[in-house]
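Contents: one structure, followed by commentary.
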Amino acid sequence: MNPTRRQFLRVALTGAAALPLTGKTLAASVLARPHPAALSDDLLLEEIERAAFEFFWNEASPVTGLVMDKANANGGGSPGIASIAATGFGLTALCIGHARKYRPQAEVEQRVETTLRFLAQNAPVEHGFMYHFVDPATGERARRSEISPIDNAILLCGVLTCREHFDATQIKHNAAEIFNRVDWPWALNGGNTFALDWKPEHGFSRLRWDSYCESMMLYLLAVGSPTHPIPAECWNAVRRPKMVYGGRQYVSSPAPLFVHQFSHAWFDFRDKHDDYANYFENSMIASHAHREFCVELGQKFPCYSGDVWGITASDSSAGYVAWGGPPLLGPIDGSLVPAASAGSLPFTFPESITALKTLRSHYGSQIWKQYGFVDAFNPLTGWASKYVLGIDVGISMLMAENARSQFVWNTFMRNAEATTAMERVGFMPDGFGVPLFA
């Protein structure tokens, strides 16, 4: 069974702020207004990244470096729970901010040193894994959350990005310690695919990460481990169901769009394939299909169009929802999620940048706050989230940077663990061998 991220993110996100106008009146009024001076592509991406960096800098504990799961979009007001996935995105964001000099570089490097030292020496772990949601001051388990292999994988991608970007010996030592202690075979729980999660109260879940989704990074990190690797055959044990939409065939499960984005934030799948697919091209097809799906939804929800699209797991007026498509997933109600189009920037750049520019110019200050776009909003009802979510800010920032400079790909892929894993599971350059599906 392919789990959705809703099974992981159980924190209720019910805060909302009303937009000045509601119903179709808002959509019609906004779309009729003259557009402000258009931002250039690069300037908009720069503003997205700078705003995201501020989230990861301000909404992290200065003692542990652990990043809050969510925060008020105008800064402050964090609900007081940290997420290891947000921390993984945050560590990568610090690398980007260091390279782009968003803050004094010595300050950024010190924050990374502090975070990795805490993770290596003081963070509570189980077989090398941290709990998904933790106390930002101590790293202790929060809200009876689970040990989630996929969220640990996101954390470790950030850790390894820091190891390659920074020259400091202590950063490299602590990053290696954090990665090498993870007992990957333990999380297989006797099978050839990873268990969905583990809790001390009941042990491992009966559900597994056994169908294509964002778990590609999880399997590759585990296969590439120099200390506790899993067999390369585990890569082949994951099912890869096919989907056809708009005459296009691609590997996908019924799931939100982020499943085609998260692994690609770090692993560079361009110009290569395994026995099943070129996964970069697969995500391109999935992103185009999602945009076409939104255009089709425009018949029912007039806010969606070829220029205004993007629905992925996010905050909603009813709390956190794993929604999207195709096929139709969740109670779609006209809400828009800027991270959906932002996360596909490397795959559908013209369409994604147009969507982001349209959202920024049409809805302006109503949805653009200190930390960038609010997590989600609904122009048909007037609802807008008060919050940003760390993982959505993170995927937006990382994919914006990859679209601009390929920095995250180029940095992360210098890790021998990444290249070794891809070789072990059979990746080849395009033009060598013929994938079963392309």
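Looking at the chain, the accessible area is 34 square angstrom per residue; that uses a 1.4 Å probe and ignores ligands, DNA and RNA. The order of the peptides 322-332, 350-360 by mean Cβ neighbours within 10 Å, most packed first, is 350-360, 322-332. Kindly identify the stretch 276-319 as rounded, prolate or oblate by the Cα gyration tensor criterion: order the square roots of the eigenvalues as a ≥ b ≥ c, call it rounded if a/c is under 1.5, otherwise compare a/b with b/c, prolate if a/b is larger, else oblate. Cα axes put the stretch 276-319 in the oblate bin. Using the alpha carbons alone, the radius of gyration of the stretch 296-438 stands to its Kirkwood radius in an Rg to Rh ratio of 1.05. The gain in end-to-end length when the ALA137 to PHE349 segment is fully stretched comes to 72.4 nm, 0.36 nm per residue minus the alpha carbon separation.
Counting only residues at least eight positions apart within a chain, or on another chain, the aspartates and glutamates with an alpha carbon under 20 Å from that of LYS242 are ASP210, GLU214, ASP274, ASP275, GLU281, GLU292. Across the accessible surface of the stretch 302-438, with the other protein chains kept in place and a 1.4 Å probe, carbon and sulfur atoms take up 56 percent. Shown for the stretch 353-436 is the translational diffusion coefficient from the Stokes-Einstein equation, using the Kirkwood radius over Cα pairs, a temperature of 4 °C and a viscosity of 1.567 mPa s: 80 µm²/s. Taking all Cα-Cα distances within the stretch 141-255, those exceeding 17 Å account for 61%. What shape does the stretch 50-179 take by its C-alpha gyration tensor, where a ≥ b ≥ c are the square roots of the eigenvalues and a/c under 1.5 counts as rounded, a/b above b/c as prolate, and the rest as oblate? Because a/c hits 1.5 or more and a/b fails to exceed b/c, the stretch 50-179 counts as oblate.
Under Stokes-Einstein, with the Kirkwood radius over Cα pairs as Rh, the value for the chain at 20 °C and 1.002 mPa s is 99 µm²/s.
With the Cα gyration tensor of the stretch 190-242 giving a ≥ b ≥ c as the square roots of its eigenvalues, does the rule (a/c under 1.5 for rounded; else a/b larger than b/c for prolate; else oblate) give rounded, prolate or oblate?
Because a/c hits 1.5 or more and a/b fails to exceed b/c, the stretch 190-242 counts as oblate.
Once the Cα-Cα distance is subtracted from the 0.36 nm per residue extended length, the VAL295 to ASP42 segment shows a gain of 88.5 nm.
Label sites at GLU423 and ASP307, each approximated as a point 7 angstrom past Cα along Cα to Cβ, lie 4.9 nm apart. Every helix of 4 or more DSSP H residues in the chain counts as -39500 (n - 2.57), and over all residues that averages to -12500 deg cm²/dmol at 222 nm.
Taking a straight Cα-Cα cut-off under 12 Å and skipping sequence neighbours fewer than 8 places away in the same chain, the aspartates and glutamates within cross-link reach of LYS199 are GLU126, GLU146.
The values are calculated or read from the model by the stated rules, or taken from the named source; none is laboratory data. Note that the coordinates shown come from a computational prediction; the quantities given were computed from them, not determined experimentally. Neighbour counts run over all protein chains shown; Cβ positions are idealised from the backbone, glycine included. When the accessible area is computed, the model is the full protein with side chains, heavy atoms only, and any ligands, DNA or RNA have been set aside. Shrake-Rupley method; radii C 1.70, N 1.55, O 1.52, S 1.80 Å.
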